[in-house]
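The next block holds one structure in the form of structure tokens; read it before the comments.
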Amino acid sequence: MRRIRPAAAVIALTLILTTAACSSGSSGSTAGAEAGQPVSGGSLTWAVETEPITFNPHQYAQAKARLLVWNTFEALLTHDSRGGHLPWLSTGHEVSADGKIYTFKLRTDVSFSDGTKFDAAAVKANVDQFLVEGYNPTVLAVQLRNLDRVEVVDPATVAFHLKQPDVLLLDFLSSPQGAQVSPKSLKEAKNLKAGGPELAGTGPFILDRYTAGQEVHFTRNPAYNWAPANAGHTGPAYLDEITYRFLKESSVRVGALTSGQVQVIEGVPATDEALITANRQLSLQRGLNSGSAYSYYLNTAHAPFDDLRVRQAFREAVDVEAVLTGVYRGSATRAWSVIGPTSPFYDSTLEKTYSGDTAKANRLLDEAGWTARDAEGFRTKDGKRLTVRLVQSAPFVRDRRDVLAQAVQAAVKQSAGIDLNVALVDQGTATKALADGEYEVFDNSRADTDAGAALNLLLHSGGAINRTGLKDPALDKLLEEGQASGDQAKRLAAYQQVQKLVITDQALILPLYAPADQVASATTVGGLSFEPTAGVPGSAYNVWLSK
Amino acid sequence: MITAIARRVASGAIVLWAAATAAYLALLAAPGDIVDAIIGDGADTPQIRSQIIAEWNLDRPAIVQYLDYLLRAAQGDLGRSYLLQRPVRDVIGEQILPTLKLAVAAAVFGVVLALILAVTTRHRWVRRVSSTAELIIVSTPPFLIGIVLLSVFSFRFGLFPVSGDRGWAGLVLPAITLGLPIAGVLAQVLRDGLDRALDEPFAVTARARGLRERAVLVRHALRHALMPAVTLLGWLSGVLIGGVVIIEQVFGRPGLGQVTLQAVGNGDMPVVLAVVVFAAAAFVLINTAADLAYLLIDPRLRRS
């Protein structure tokens, strides 16, 4: 959603004035420290930035909606904090020697909130739903592309037969799209793809009321007793009820929190962080997201980025540190690889190996033949200006990425005479530019929990979002190895080579920052946390409100 | 009388059809197709595309889709939202009431405030202060007015809740935010009208009959001053429809503005078309109301 930015300064000022009275001293406290021991009961109001397009977990496509999904729905597996998986609705799983059959033992004490029993037939019904034409073609084409069939071995055992080994099946089975919806709901819901109160899950809360444009309300599921081992406690959730209110304006969310109208907010922009940290009644937490870093992908399909030296020069021309500080006031974490720094596959040896060397940038461009300068100071070759185009689709611009692009634009112009042409356009125009190859820079970040899933889409020559034009059989082979192997060490080795190839050897990508989520809350709220691996705000299961 | 009504209804229907068609053509001419819009920034393969085309019957020629749309719309079927995967009638239906509440409250507040301002601020310095304040309000973005009102009355003093459509308290600040610019413009127009009316011979006659200045103002001049203000009703509907988009966003209120913003941003054609038709219908209704208001205000028009 676009915000009206010039007003931001005025808003911040107004908020500072109106909250100045109650802000003194510093915080430095962590959430929960002042909320004491967990207590049961109470109702919480939480203001979130994004209203989900759908409440059906199978249709999940917004990382910002993830915290709502896990209140109502659960999956066979969940992520631990080291890139592995823990049993959730399952009790364990085995992989056949050829890596093509995954057999899961299921919990037998679980029921959906509509009374339906959770068993192997329910798991099969959920996966089979994806085979329905038009239900979710993306999941069918990406996450389930190697799935052959699902077999009900007995009520407590289910087997996934694959066409070829694919360890990303485990990631799917711990993702919202792999969450379990009551088979009864799948059959009877009138608006199945939209979801909402008519879809029953097994989770610790029940979604009982949704007012579009305003709020969604959950009540505690009293029968709940199957939390995974890393959930923080067992038995039903602490809160009686929780309301998530949709407040799209960040300044309004902050104001609602400082005035006590809500107890928790998600999405605190860098410009408002000082308001939170200066207030002793509030605390702020930040979590780095999983998946791929927010990066610029350089299009090698045509000039000028078909020349490795120009790609390297573009990267050297940007002092990423300075640009990030200017735009995010020190609240952004710099990225050095296409993989986010919290991923187990992240290669930290890439840090400080490139970028910010203006002299090198200019030398490389001279070597590449871009020696002349035009009246505006941009480099030219054969009378053509060194122009590269970045097309941003306005509905998907977030985290002030348009402002960041302007900062990069200024940096490459000043330090190396490169003309970065930034266009902020509607979705249709952006898609057309990408389809026609009318771009040299493509920006993207993905919140996949397994970074390998993001790399497959972005870097594989057959990837659905491959915008670099690079078709390298060696790279494809490495990505396929990373996807096929169940051995974490082998995967790590494959993905480290991928990173070396695309970052160091090919200079294909300029990584900028690691996307993060911020949660601010009143100090009376305890148990707020970020989901392991995913790094996004967790569900409300472990949250309590001190009396 | 009956022919007049029939003519009204027919011209209203033509306006609705023209609005729907214009919106349809505009969406068709916009870059990128519906499949692009549905895919968004997600994965994009031929397999995914063909499934989307099959699901929404997008392989038919544009003219067939258009005629099919018109035929169904005429029967009250507005289709399904590409984005929200629900019937458009449900999407619009559940959002219409909060928007109507806001629009009516804002219009009433704006008109009443304008009348009070125009009648009470007749004297030199009060008039100048009021007129300046009106101009400032009219030239301030509603977004900013909303944030300032929220900061003072909700965040600072806690008098009104920040968000939602829950009771009258939640309606006060949004209605004031949307109504203030309306009051600003109307007050200026009314004041000019009063000035002109008070210079007319009938005002002199009324004064000569011994009527007090206030009675001349309220009973005689105001009626004349209202005529140009009523002409602005069409403009008012535009302000209300455009204003709710921003107001609902700032105040986290449910309503058509939010739905429209999301639908336009995501190329959700069935919802956009439905909103356009609804806005056109509102426009026709308000203009009909304006025509009736002329008759009510000016007895001379009733005779002709």
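The values are calculated or read from the model by the stated rules, or taken from the named source; none is laboratory data. Note that this is a predicted model, so its numbers are computed, not measured. Neighbour counts are summed over all protein chains in view; Cβ atoms, including those assigned to glycine, are modelled from backbone coordinates with ideal geometry. With ligands, DNA and RNA removed, areas are computed over all heavy atoms of the protein, side chains included. Shrake-Rupley method; radii C 1.70, N 1.55, O 1.52, S 1.80 Å.
Taken together, B:Leu102, B:Leu78 contain a single residue that is away from chain A (no Cβ under 14 Å), touching a Lys or Arg at 6+ places or on another chain (Cβ under 8 Å), in contact (Cβ under 8 Å) with a residue 24 or more places away in the chain and under 28 Å from A:Tyr210 (Cβ atoms), which is B:Leu78. Selection of region A:104-124 for residues being open to solvent by 40 Å² or more (accessible area, probe 1.4 Å) and either hydrophobic (A, V, I, L, M, F, W, C) or within 10 Å of A:Ser90 (Cβ to Cβ) (or both) yields A:Lys105, A:Arg107, A:Ala121. Residues in region B:251-286 that are over 12 Å from the mean Cα position of the chain (by Cα) and more than 26 Å from A:Thr50 (Cα to Cα): B:Val277 only.
Given the criteria at pLDDT below 95, open to solvent by less than 40 Å² (accessible area, probe 1.4 Å) and not in a helix (DSSP H, G or I), does B:Gly146 qualify?
Answer is no for this residue.
Scanning region A:80-103 for residues that are among the hydrophobic types (A, V, I, L, M, F, W, C) and either open to solvent by 40 Å² or more (accessible area, probe 1.4 Å) or not assigned by TED's automatic domain parsing to the domain that holds A:Ala179 (or both) yields A:Leu86, A:Val95, A:Ala97, A:Ile101.
Yes/no matrix, rows are residues, columns are (1) at pLDDT below 85; (2) within 14 Å of chain A (Cβ to nearest Cβ):
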| residue | (1), (2) |
| --- | --- |
| B:Leu222 | no, no |
| B:Met227 | no, no |
| B:Ser237 | yes, no |
| B:Leu240 | no, no |
| B:Gly252 | no, yes |
| B:Gly257 | no, yes |
| B:Gly265 | yes, yes |
| B:Val277 | no, no |
| B:Val284 | no, no |
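Inside region B:12-50, residues that are hydroxyl-bearing (Ser, Thr, Tyr), more than 10 Å from every other protein chain (Cβ to nearest Cβ) and either in contact with a Ser or Thr (Cβ under 7 Å, 6 or more places away or on another chain) or free of Cβ contacts under 8 Å to residues at least 60 places away in the same chain (or both) make up a count of 1.
Right, B:Ile53: in a helix (DSSP H, G or I), open to solvent by 60 Å² or more (accessible area, probe 1.4 Å) and either within 12 Å of chain A (Cβ to nearest Cβ) or over 21 Å from A:Pro137 (Cβ atoms) (or both) or not? For B:Ile53, the condition - in a helix (DSSP H, G or I), open to solvent by 60 Å² or more (accessible area, probe 1.4 Å) and either within 12 Å of chain A (Cβ to nearest Cβ) or over 21 Å from A:Pro137 (Cβ atoms) (or both) - is not met.
Evaluated against (1) touching a helix residue (DSSP H, G or I) at 6+ places or on another chain (Cβ under 6 Å); (2) open to solvent by 20 Å² or more (accessible area, probe 1.4 Å), A:Ile503 falls short on exactly one condition, (2). Within region A:453-476, the presence of at least one residue that is in contact with a strand residue (DSSP E or B) (Cβ under 8 Å, 6 or more places away or on another chain) and within 30 Å of A:Leu284 (Cβ to Cβ) is confirmed. Screening A:Thr325 against (1) assigned to a loop (DSSP other than H, G, I, E, B); (2) polar (S, T, N, Q); (3) in the same structural domain as A:Thr449 (by TED's automatic domain parsing); (4) open to solvent by 20 Å² or more (accessible area, probe 1.4 Å) leaves a single unmet condition, (1). Within region A:363-398, the set of residues being within 14 Å of another protein chain (Cβ to nearest Cβ) and touching a Gly at 6+ places or on another chain (Cβ under 9 Å) comprises A:Ser393, A:Ala394, A:Pro395, A:Phe396.
Exactly one residue out of B:Gly242, B:Gly267, B:Gly238 is among the small types (Gly, Ala, Ser) and buried (at least 19 other Cβ atoms within 10 Å of the Cβ): that is B:Gly267. The sole residue among A:Ser343, A:Ser355, A:Ser337 that is in a loop (DSSP other than H, G, I, E, B), modelled with pLDDT of 95 or more and within 26 Å of the chain's Cα centre (by Cα) is A:Ser337. Tell me which residues, restricted to region A:232-247, are buried (at least 19 other Cβ atoms within 10 Å of the Cβ), away from chain B (no Cβ under 14 Å) and not aromatic (Phe, Trp, Tyr). Within region A:232-247, A:Ala237, A:Leu239, A:Glu241, A:Ile242 qualify. A:Leu275 passes every criterion in (1) open to solvent by 10 Å² or more (accessible area, probe 1.4 Å); (2) away from chain B (no Cβ under 14 Å) apart from (2).
Of all the numbered requirements in (1) away from chain B (no Cβ under 14 Å); (2) open to solvent by 10 Å² or more (accessible area, probe 1.4 Å); (3) closer than 18 Å to A:Tyr297 by Cβ; (4) within 21 Å of the chain's Cα centre (by Cα), A:Asp472 misses one, and that requirement is (4). Looking across region A:255-285, the residues that are in contact with a helix residue (DSSP H, G or I) (Cβ under 9 Å, 6 or more places away or on another chain) and assigned to a strand (DSSP E or B) come down to A:Val264, A:Ile265, A:Glu266, A:Leu282, A:Ser283, A:Leu284. Does any residue of region A:378-397 turn out to be assigned to a loop (DSSP other than H, G, I, E, B), out of contact with any Phe, Trp or Tyr (no Cβ under 6 Å at 6 or more places or on another chain), at negative phi and at pLDDT 95 or above? Yes: region A:378-397 contains one or more residues that are assigned to a loop (DSSP other than H, G, I, E, B), out of contact with any Phe, Trp or Tyr (no Cβ under 6 Å at 6 or more places or on another chain), at negative phi and at pLDDT 95 or above.
Residues that are in contact with a His (Cβ under 7 Å, 6 or more places away or on another chain) and assigned to a strand (DSSP E or B) were ranked within region A:148-183; the one that is most open to solvent (accessible area, probe 1.4 Å) is A:Arg149. Considering (1) away from chain B (no Cβ under 14 Å); (2) surrounded by 17 or more Cβ atoms within 10 Å (Cβ to Cβ), the lone condition that A:Ala433 does not fulfil carries the number (1).
Of the listed requirements (1) part of a loop (DSSP other than H, G, I, E, B); (2) open to solvent by less than 30 Å² (accessible area, probe 1.4 Å), A:Val252 misses just one: (1). Every listed requirement among (1) at positive phi; (2) in a helix (DSSP H, G or I); (3) not basic (Lys, Arg) is met by B:Gly167 save one, (2).
I need every pair where a residue in region B:141-152 that is under 17 Å from A:Arg253 (Cβ atoms) has its Cβ under 8 Å from the Cβ of a residue that is not in a helix (DSSP H, G or I), sequence separation at least 6 or different chains. These pairs meet every condition: B:Phe143/A:Ile4; B:Phe143/A:Ala7; B:Ile147/A:Ala7; B:Ile147/A:Glu249; B:Leu150/B:Val162. Just one of the listed residues (B:Val88, B:Val119) is in contact with a strand residue (DSSP E or B) (Cβ under 9 Å, 6 or more places away or on another chain) and either without any contact (Cβ under 8 Å) to a residue 12 or more places away in the chain or more than 10 Å from chain A (Cβ to nearest Cβ) (or both), and it is B:Val88.
Of the residues in region A:519-528, at least one is open to solvent by 30 Å² or more (accessible area, probe 1.4 Å) and touching a residue at least 12 places away in the same chain (Cβ under 8 Å).
Within region A:204-223, take every residue that is away from chain B (no Cβ under 14 Å) and touching a Ser or Thr at 6+ places or on another chain (Cβ under 8 Å) and give me the one that is nearest to A:Glu74 (Cα to Cα).
Filtering first and then ranking leaves A:Pro204.
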